[in-house]
Amino acid sequence: MKVSIYHNPRCQKSRCALKHLQEIGVEITVRLYLEHPLSRDELKVLQSHLDLPVKEWIRTQDKEYKNMIKGRNFSESEMLDLLVQQPKLMQRPIVKFGKRAVVARDIKALTSFNLE
């Protein structure tokens with residue numbers, strides 16, 4: 001079983017999710033998305049796996065959000081463009097298994113995958 005995690009090692013929730021995946025013994029591919037940002041096409045695929053509007057997996061507490069997005073109406077396409085420009089705005093971690101993905105800010109979110 002192979003799982004991908006879009007990971008930021010500076011984020012405690014991301015570190016916890018990675019540790020949990022390691023502890024249950026799944027094969028993990030780690031993508032350090034700040035060092036290797038996702039392309040627009042990769043983000044579109046991820047969006048289909050998350051099955052969420054882009055605004056649902058954008059970090060709203062970052063100053064970039066407040067400066068660039070807050071109070072403005074953007075299309076889904078424009079939101080994807082913003083994530084390409086500012087990968088820091090993507091929620092973390094995002095864990096993908098097959099054609100499903102989840103924002104795993106809470107370990108309980110990973111239980112929907114039945115990975116254990």
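FYI, it's all coordinate maths here, none of it is from the lab. What you are looking at is a predicted structure, and each value in this text was computed from that prediction instead of being measured. Neighbour counts run over all protein chains shown; Cβ positions are idealised from the backbone, glycine included.
Worth pointing out:
- When the stretch 68-82 is limited to residues that are closer than 21 Å to GLU42 by Cα and out of contact with any Phe, Trp or Tyr (no Cβ under 8 Å at 6 or more places or on another chain), the one that is surrounded by the fewest Cβ atoms within 10 Å (Cβ to Cβ) turns out to be SER75.
- Helices (runs of 4 or more DSSP H) enclosed by the chain - at least 2 residues per element that are touching a strand residue (DSSP E or B) at 6+ places or on another chain (Cβ under 6 Å): 12-24, 40-50
- Residue check, ALA109 touching a Pro at 6+ places or on another chain (Cβ under 6 Å), of a type outside the set (Ser, Thr, Tyr) and either under 23 Å from HIS20 (Cβ atoms) or crowded, with 18+ Cβ neighbours inside 10 Å (or both): no
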